[in-house]
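Below is the structure I would like to discuss, written out as structure tokens.
The values are calculated or read from the model by the stated rules, or taken from the named source; none is laboratory data. Since this is a predicted model, take the numbers as computed values, not measurements. When we count neighbours, we look across all protein chains shown, and the Cβ atoms used for this are built from the backbone with ideal geometry, even at glycine. Accessible surface areas use protein heavy atoms only, side chains included; no ligands, DNA or RNA. Shrake-Rupley method; radii C 1.70, N 1.55, O 1.52, S 1.80 Å.
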Amino acid sequence: PSTERLACAATTSPTTRAVLVLRTHTHMNLALLDPFSHNELPEVIEAKLEVPSTVSVCAFNRRGSMLAGGCDNGHVIVWDFETHGVARTLELHEAPVTSVSWTKSSRRLLSSGADGRLAVWDVLGACVVQLLARENLEFTGASTHPLRRDVCLACSSSTVVASREVSLVFWEAAGPRSLALLSPDAPADEPAGGGGEGAAG
């Protein structure tokens, strides 16, 4: 059998918050025969990573060596998964972090926040290398492109009117450029409007 790990945010007591690292075993022969015939559930709590604030989102990098967590206080915490120690604390967002997503190389990390900010971090330098800031908007989620670090997909909603948007964001040298792909609240016979202007960081 092979071992798979996943991380989830948890509150273990009224005053203790943690990220639980769970482990499950997948039997390769069953997966090859019928991948839909079984549903493996986590069997063991392998580790508990205590954090100073509630972690609402978390994601492993491609190799599983680093774990990023987005906190309700706006911080992004990066753990070294070998030592379970905090490798970086990234501070920018002024509202809860809504998503974290690694690039393929794990050198950069994307974070989105309810403060209308979408940031690309240099993890080693613990600094922001690209920033898209939108007024009267909150980003509800974002994901990096699996192959290109200069492209991401972002979901947002207005804090003023009832509208939502799904956009592609291109991180260009002159600054980020967004292209609206879908606006679920737009009438079916009208195309979704273009993306708004962003501020480069």
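F139 versus (1) buried (at least 20 other Cβ atoms within 10 Å of the Cβ); (2) touching a residue at least 40 places away in the same chain (Cβ under 8 Å); (3) in a loop (DSSP other than H, G, I, E, B): which is the lone unmet condition?
(3)
On the basis of being crowded, with 19+ Cβ neighbours inside 10 Å and out of contact with any Leu (no Cβ under 6 Å at 6 or more places or on another chain), does T103 make the cut? First the steps, then the outcome.
Values: crowded, with 19+ Cβ neighbours inside 10 Å: yes; out of contact with any Leu (no Cβ under 6 Å at 6 or more places or on another chain): yes.
Taking the combined requirement at face value, the residue satisfies it.
Among (1) open to solvent by 40 Å² or more (accessible area, probe 1.4 Å); (2) assigned to a strand (DSSP E or B); (3) under 27 Å from I77 (Cβ atoms), which single condition is L124 missing?
Here L124 meets the rest and fails (2).
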